[in-house]
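Asker: One structure, pasted below without further comment.
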Amino acid sequence: MRALNERQRRFVLALIETPGLTQREAARRAGYSDKSEGAKVRGHYLAHSPAVQAALREEAGKRLNSLTLVASSFLMQVLGDDEAPYKDRLKAALAVLDRTGFAAAQNINVNKTVTDQSGAAIMERIRALADKHGLDANRLLGKPATPVVDAEFVEVKRD
């Protein structure tokens, strides 16, 4: 908030204190003129300013932090109320445990299969599958098979 000027601060506070307020109306409340729809333009500009957005987060965080005592008191009431439904008391107890570092342990297993996708590895895999299924790997891979020549021959002896 310190990085903002007075009207920018009033703009931020108007948005936080009045849920559903338009950017235009927040700019008006902050003291910006609405001549020629100036507040509409100024509201849009302010709402998209990184400094104003940071101030909005800062103020919202402060307000949420101030509610922690109220929330924890309510949780203690629910936990201590024997008349409250069991499921509500259980949810309250789990919420307290979860936010105080005693949540149930979770194990997340990630399995990853790494396969060699290089050209040589793929060719070898094709050859292995062809052998397994009794196929000619060379024909599958588009290589010409070694030609088989059927012929008869006569052995000629020289004297």
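Asker: To one decimal place, what orientation-averaged projected area in nm² is obtained for the convex hull of the Cα set of region 28-132?
Answerer: Values: hull surface 73.4 nm².
It is 18.3 nm².
Asker: Another question, then. Run the reach check for Lys91 against lysines, Cα to Cα strictly under 28 Å, same-chain hits fewer than 8 apart removed. What comes back?
Answerer: Once the sequence-local lysines are set aside, what remains near Lys91 is Lys62.
Asker: On average, how much accessible surface per residue is there in region 22-76, in Å², for a 1.4 Å probe, leaving out ligands, DNA and RNA?
Answerer: On the way: 3730 Å² over 55 residues.
On a per-residue basis, 68 Å².
Asker: Run the dipole for region 52-159 about the Cα centre, Lys and Arg Cβ at +1, Asp and Glu Cβ at -1, nothing else charged, and hand back the magnitude in debye, nearest 20.
Answerer: Taking the Cα centre of region 52-159 as origin, the dipole is about 320 debye.
Asker: If you count only protein heavy atoms with a 1.4 Å probe, what accessible area per residue comes out for region 93-149, rounded to a whole Å²? If you can, show how the numbers build up before the last one.
Answerer: On the way: 5290 Å² over 57 residues.
Result: 93 Å² of accessible area for each residue.
Asker: Straight-line reach from Lys40: which aspartates and glutamates have Cα under 18 Å away, leaving out those fewer than 8 places along the same chain?
Answerer: Leaving aside aspartates and glutamates fewer than 8 places away in the same chain, those within reach of Lys40 are Glu25.
Asker: Specify the angular offset, from 0 to 90 degrees and rounded to the nearest 10, of the alpha carbon long axis of helix 50-66 from the longest principal axis of the alpha carbons in the chain.
Answerer: Between the helix axis and the principal axis of the chain, the angle is about 70 degrees.
Asker: List the chymotrypsin sites (Phe, Trp or Tyr not before Pro) within region 42-124 that fall in a DSSP loop (any state other than H, G, I, E or B) and whose Cβ has at most 10 other Cβ atoms within 10 Å.
Answerer: Working: sites: Tyr45, Phe74, Tyr86, Phe102; in loops: Phe102.
Here the sparse-neighbourhood loop sites are Phe102.
Asker: Continuing with this model, one more query. Helix 68-80 sits at what angle to the longest principal axis of the chain, using alpha carbons and giving 0 to 90 degrees rounded to 10?
Answerer: So the helix axis and the longest Cα principal axis differ by about 80 degrees.
Asker: I'd like the Karplus ³J(HN,Hα) series for region 117-124: coefficients 6.51, -1.76, 1.60, θ = phi - 60°, whole numbers in Hz, and an x wherever there's a Gly or Pro.
Answerer: 9, 6, x, 5, 5, 5, 4, 5
Asker: Let me ask you something else. Send over the Kirkwood Rh of region 54-114, from the inverse of the averaged 1/r over different Cα pairs, rounded to one decimal Å. Kindly include the intermediate steps, with their values, before the conclusion.
Answerer: Numbers: mean 1/r = 0.0690 Å⁻¹.
Kirkwood hydrodynamic radius for region 54-114: 14.5 Å.
Asker: May I pose another question? Longest span of the chain, sites excluded, free of GluC sites (Glu not before Pro) in DSSP loop with at most 12 other C-beta atoms within 10 Å? Could the numbers behind the result be given before it?
Answerer: Values: sites that count: Glu83, Glu152, Glu155.
Of all site-free stretches, the longest is 1-82.
Asker: Whenever you get a sec, compute what percent of the accessible area on the chain sits on carbon and sulfur atoms (1.4 Å probe).
Answerer: Numbers: 7250 of 13290 Å².
Within the chain, the accessible surface is 55 percent carbon and sulfur.
The values are calculated or read from the model by the stated rules, or taken from the named source; none is laboratory data. The structure presented is a predicted model; accordingly, all values stated were derived computationally and were not measured. Here Cβ is always computed from backbone atoms with ideal geometry, including for glycine, and neighbour counts include all displayed protein chains. Note: areas computed on protein heavy atoms with side chains; ligands, DNA, RNA excluded. Shrake-Rupley method; radii C 1.70, N 1.55, O 1.52, S 1.80 Å.
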